[in-house]
1. Ser254 to Glu188: FRET efficiency via 1/(1 + (r/R0)^6), r the Cβ-Cβ distance, R0 22 Å, to the nearest 0.05?
2. Could you derive backbone 3J(HN,Hα) for the stretch 196-203 from the dihedral phi with the Karplus parameters 6.51, -1.76 and 1.60 (θ = phi - 60°), listing whole Hz in sequence and x where the residue is Gly or Pro?
3. Would you mind checking which residues have amide H under 5 Å from Gly15's amide H? H placed 1.01 Å from N; only 5 or more apart, or other chain.
4. Residue by residue through the stretch 146-158, which ³J(HN,Hα) values in whole Hz follow from phi under the Karplus form 6.51 cos²θ - 1.76 cosθ + 1.60 (θ = phi - 60°), with glycine and proline marked x?
5. Quickly work out the Lys287-to-Ser161 label distance, labels modelled 7 Å from Cα along the C-beta direction, and quote it in nm with one decimal.
6. Spin-label point model (7 Å from Cα, Cβ direction): what's the Ile137 to Asp109 distance in nm?
7. Hey, how many Å between the Cα centroid of the stretch 153-207 and the Cα centroid of the stretch 223-287?
8. Would the stretch 132-266 count as rounded, prolate or oblate if I go by the C-alpha gyration tensor, calling it rounded below 1.5 in a/c and otherwise prolate when a/b exceeds b/c, oblate otherwise?
Amino acid sequence: MTNNDFRSGYVSIIGRPNVGKSTLLNSIMEEKIAIVTPKPQTTRNKIIGIKTLPDAQIIFIDTPGIHRPRHKLGETMVRTALEALNEVDVILFMVEPHEPGKGDRAIIDLLKRVRSPVFLLINKIDIVKKSDLLPLIDHFKGRYTFKEIIPISAIKQDGISLLIERICDYLPQGPRYYPDDFITDQLERFMVSEIIREKAMDMTEEELPHSVAVEVADWEEREDGLVSISCNIYVEREGQKAIIIGKRGAMLKSIGSAARVDIEKLLNTKVFLELWVKVKKNWRNDKQLLNKLGYK
């Protein structure tokens with residue numbers, strides 16, 4: 001194969017919160033590089049996944065769900081999602097298997113302003129009858145001219161191979177932007193903070209809203225190979241701090257233990273993890289702290 005046969009490009013995954021965008025990215029990459037929780041608006045930053053094939057390299061951008069922002073963090077998340085539309089070769093618009101609601105219709109209106117080819121991905125097809133898909137597809141066709149419409153189940157990897165094949169058809173000829181063994185451009189510290197945030201959100205269930213942020217305060221690589229990491233978990237109220245810590249520190253200990261397992265897999269070494277919970281009132285409207293935490 002000559003260099004002229006190699007294709008490469010950028011692909012953005014967009015959609016309402018909690019439709020399965022991060023699950024799709026993890027499924028495509030066959031690695032966990034984006035946190036997944038049942039709660040909406042989990043993703044806050046662009047997450048880059050790099051899928052290198054023998055004849056192509058696809059660079060995926062998983063963006064925050066598009067929603068009506070209620071604070072500066074929300075505004076940053078939505079702006080990040082919209083900016084991605086103008087940076088890519090293909091847009092994957094992901095929906096759930098039912099007629100488009102107000103949120104989906106608003107995104108479709110935004111898509112009418114972009115030039116990039118748009119695929120419609122109908123996710124979670126494992127929970128509906130196949131006979132229900134055809135009228136649903138017709139309904140979406142009536143609202144927008146999608147280049148491709150592909151039913152998938154991200155969690156069961158149904159339709160993923162076909163999706164990758166179709167994406168490659170639309171990529172321009174181009175170089176390998178990243179080495180073959182790269183799967184993400186995210187720094188290890190960011191990945192560690194995301195793992196801790198995921199565990200905190202999962203383990204507190206519905207008790208804690210999205211007022212949790214994690215900062216890696218200290219990172220030391222020791223001569224014996226052990227990595228010592230100290231992190232601050234920020235919440236907005238004393239009551240939320242109590243939930244994270246739990247009775248006699250039991251919840252914080254559980255969060256740390258679960259996070260350490262995933263972090264050791266990520267870093268491929270033993271990890272000493274220390275977590276501190278701090279109250280920072282209204283941090284989601286604190287520009288200085290948002291910048292510090294990487295929410296540009």
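Any read-out appearing in this document is the output of simple, stated calculations on the displayed coordinates, not a laboratory observation. Fair warning: this is a prediction, and the values are worked out from it, not measured in the lab. Neighbour counts run over all protein chains shown; Cβ positions are idealised from the backbone, glycine included.
1. On the way: r = 23 Å, r/R0 = 1.05.
With R0 = 22 Å, the Cβ-Cβ based efficiency is 0.40.
2. Per-residue couplings from phi come out as 5, 5, 4, 5, 5, 5, 5, 6 Hz.
3. Correct list: Ile66, Met94.
4. Working through the residues one at a time gives 7, 5, 9, 10, 10, x, 9, 10, 4, 6, 9, 6, 7 Hz.
5. 5.1 nm
6. About 2.8 nm, to one decimal.
7. 23 Å
8. The shape class here is oblate.
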